[in-house]
Amino acid sequence: MTQKTINIEDDPKEKILIVEDEETLRTALQLKLESEGYHVFTAKNGEEGMEIAFKEHPDLLLVDIVMPIMDGMTMMKNVRSDGWGKDAKAIFLTNLSDAEKTADAVDRGVYDILIKSDWKLDDVIKKIKDELNS
């Protein structure tokens, strides 16, 4: 019996990048999304996230705003400056709920913002599916 190697480029599964410094949340999101059939990449800060985004061109970026090394706003500014990244779908995760941060997110081309204290894991999955299907 011959074993076939699956190249991620040939696999029709959608790719999602989670950029989140809280390991517990990052892992929970990763496990849930993988169980839903997505290819999942993870990063613990914006710098790592940006490198993975430019390499893998995920279908959706799920990005925390406040992180060490590089925050999510800076990461998205850099992603948006790239030819691929200017149209990349993204959702911000945050504990912040102030209007200034929301306005800044919109300026970065991110129109979906999830306040961490306001959602359950299934809500995030629904939001991701909605965004990917839009």
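Structure notes:
- Gain on full stretching of the segment that runs from Lys120 to Asp87 - 0.36 nm per residue minus C-alpha separation: 9.2 nm
- Calculated from backbone phi, Karplus (6.51, -1.76, 1.60) coupling profile of segment 53-64 in Hz, x at Gly/Pro: 4, 5, 7, 9, 6, x, 6, 8, 10, 10, 10, 6
Since every read-out is calculated from the coordinates, none of them should be taken as a lab result. This is a predicted model, so every value here is computed, not measured.
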